[in-house]
Amino acid sequence: MKKIPAVVLVALLSACGGGGDSSDEPGADARGLYEGQFSQSGQTFQLAAVVGSDQRAFLLSLDAGALYAGQINTAATSLSGALTAYEITSGSDFSLVAERAGISTITGIVTPMSGISGNYSTSFGPPGTFALTYDERSGDAPSLASISGVYSSQDPISGFSMSASVDIDGSLTASDSDGCNYTGAISIPDSTLNLYDAAVTGSCPGQAAETLTGFVVSTDPASASGLLILLANNALAVAAFLAEAPTQP
């Protein structure tokens, strides 16, 4: 499975060390896109993350086979949160599906527009540490007009494919080669953050419809070259990278 373009993270931190009570101080701004690593039992894995203006967070590690989603809280420069952990169970060259595996708790320190680092523990494995660096693309202005268009991706080995259309009002329709159909809405919650809210309902043959919520990230806001989609509900999570379809002559 190829590396999905950077984005996704973060829930962390509980203030470390001495000092007075900081509970009344405003929380540090953790919004943004991040890239970095986490370490566990002597092994190091790549990690990408995104934190929204409402402090929802997604973290994704392809080489560790895991995706995390949930809510974080900040107080002064510390951050903490309990995230749902999902284990990647299937995927293609451009997408993955992950099923709920347990809960991960994150604590650490956030330096606005610089990075986040800290510790985590899980209900199903050993604890570890992580460090993430702020991506300057976080501050690119979002625009529904800039991401409107037609997108598609195909796995060159399995042949699995997906196509999607995003209208200028944020309406989304999509389908894949397994016969699944998707409808949803994309919106801009924060005009200063390159991150879009998304809610999508998917219906596949022989399965109950599922509604998931999360984020869409434009990998190149100037050209709308691709969209990274991160969605989850209580039972499962999905991630997909859809490339802008070539313009037909």
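Coordinate-derived values only; no laboratory data. What you see is a predicted model; the values in this text were computed from it and never measured. Note: ideal-geometry Cβ built from the backbone for every residue, glycine included; neighbour counts use all protein chains shown.
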Expected sort for Phe58, Phe130, Phe45 with the fewest Cβ neighbours (10 Å cutoff) up front is Phe45, Phe130, Phe58
Scaled by the rule-of-thumb 2.2 N^0.38 Å, the alpha carbon Rg for segment 32-138 gives a ratio of 1.01
Summing +1 per Lys or Arg and -1 per Asp or Glu among the other residues with Cβ less than 11 Å from Ser187's Cβ gives -3
In debye to the nearest 20, the charge dipole size for the chain, taken about the Cα centre with +1 at each Lys and Arg Cβ and -1 at each Asp and Glu Cβ, equals 360 debye
A correct Karplus calculation of ³J(HN,Hα) over segment 59-65, with 6.51 cos²θ - 1.76 cosθ + 1.60, θ = phi - 60°, whole Hz and x for Gly and Pro, returns 10, 9, 10, 6, 6, 8, x
Here, Ser225 and Ser53, labelled 7 Å along Cα→Cβ, have an inter-label distance in nm of 2.7 nm
For the chain, the Kirkwood Rh over every pair of distinct alpha carbons, in Å, works out to 18.3 Å
Given unit charges at Cβ for Lys, Arg (+) and Asp, Glu (-), the dipole magnitude of segment 32-138 about its Cα centre in debye, nearest 20, is 260 debye
Counting only residues 5 or more apart in sequence or on a different chain, those whose built amide H sits under 5 Å from that of Ala101 are Ala85, Tyr86, Glu87
